[in-house]
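Novice: The structure under discussion is supplied below as C-alpha cells; questions concerning it will follow.
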Amino acid sequence: MPDSPFVYVAYIATTPERLWQALTDGAFTAQYWLGRRITSEWHEGASVRHVRDDGGVDWVGEVLRYEPFSLLSYTFHMQISEAHKADAPSRLTFEIEPFDTVVKLTFMHDLLEDAPATRETTRYGWPAIISSMKSLLETGAALPFQRFGFGPSRPA
C-alpha cells in the first residue's frame, strides 16, 4: 500500500552503544552505506545530511528525537533527482532495545504518502543497508554491495 510504513526488525549481536555509533557516526556509516557519511550535530532540531565522497548530498533532514542508545528519529528528504526533491519529507525512526544478549533494532520509514519517488527508491534499499550494518557490527565486514536494493555484487 502506498501510505503504509516500511518496518524492519533486526536482532543484532552488539551493544546499544555500538549500534548507536553505527547509526550516528559518519566514519561508521561509510563502511556499510557505500561510502556515504551521515553528518549532524545530533540534537533535536539539528540538520542531518548524507554525504557522498564527492561532496554531493543524497538526502537531508532534521533531527526530531534524540535519545542516545534508545531512540533516534529524523526527517528524510532525498535530493538525488528533481522528482525526489519534489516529494514531501518522510521520517526515519530507529528504536534500540536490549533483548537478552543482543539488541533489537526496529526501523520504520513512514510519512511516505506524499513521497512516491522516495518510496520507490528506498523500498528495496533499507533491508540491504540494515543487513550490511548488522554484518559489520557482528563480523567486522559489511556486505559487498555495489548499489542499493539489488543484492550483493557477483563476480563477472
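Novice: Count charges around T29 for me, please; just the other residues with Cβ under 14 Å from its Cβ, Lys/Arg as +1, Asp/Glu as -1.
Specialist: Here the charged neighbours net out to +3.
Novice: Taking the Cβ of R52 as the centre, find all other residues whose Cβ is under 11 Å away and add up their charges (Lys, Arg: +1; Asp, Glu: -1).
Specialist: Values: positive: R36, R37, R49; negative: D53, D54, D58.
Overall, the nearby charge balance is 0.
Novice: What whole-number distance in Å separates the alpha-carbon centres of region 95-135 and region 6-78?
Specialist: Spelled out, the Cα-based centre of one part sits 11 Å from the other.
Novice: Shifting gears a bit: Treat every Asp and Glu Cβ in region 11-156 as -1 and every Lys and Arg Cβ as +1, leave all other atoms uncharged, and give the resulting dipole magnitude about the Cα centre to the nearest 20 debye.
Specialist: 500 debye
Novice: Which net charge results when you count Lys and Arg as +1 and Asp and Glu as -1 among the other residues whose beta-carbon is under 15 Å from that of I96?
Specialist: -2
Novice: Could I ask something else about it? Quick one: accessible area per residue over region 1-84, 1.4 Å probe, rounded to a whole number of Å²?
Specialist: With the other protein chains kept in place, region 1-84 gives 50 Å² per residue.
Novice: I need two numbers for the chain: Rg to one decimal and Dmax as a whole number, Cα atoms only, in Å.
Specialist: Just the Cα atoms of the chain yield Rg and Dmax of 14.9, 46 Å.
Novice: Where does the longest stretch of the chain lie that holds no GluC sites (Glu not before Pro) found in a DSSP loop with 16 or fewer other Cβ atoms within 10 Å?
Specialist: So the longest stretch without any such site is 45-112.
Novice: Ignoring ligands, DNA and RNA, please state the percent of accessible area on the chain from carbon and sulfur, probe 1.4 Å.
Specialist: For the chain, the apolar C and S fraction of the accessible surface comes to 53 percent.
Novice: If R0 is 22 Å, what FRET efficiency do you get for Q21 and E113 from their C-beta distance, rounded to 0.05?
Specialist: After rounding to 0.05, the efficiency reads 0.10.
Novice: Moving on to the next point. In terms of the Cα gyration tensor, with a ≥ b ≥ c the square roots of its eigenvalues, is region 94-146 rounded because a/c is under 1.5, prolate because a/b exceeds b/c, or oblate?
Specialist: The shape class here is oblate.
Novice: Something else now. Connecting C-alpha atoms closer than 10 Å in a GNM of the chain, tell me which of T93, T139, T118 has the biggest fluctuation.
Specialist: T139
Novice: With an 8 Å cut-off on Cα pairs and a minimum separation of 6 or more residues, tell me the relative contact order of region 1-107 in percent.
Specialist: Rounded, it is 24 percent for region 1-107.
The values are calculated or read from the model by the stated rules, or taken from the named source; none is laboratory data. Predicted model, so just to flag it, every value in this text is computed and none were measured. Reconstructed Cβ throughout: ideal geometry from the backbone, glycine too, with neighbour counts over all protein chains shown. Heavy atoms of the whole protein, side chains included, go into the accessibility calculation; ligands, DNA and RNA do not. Shrake-Rupley method; radii C 1.70, N 1.55, O 1.52, S 1.80 Å.
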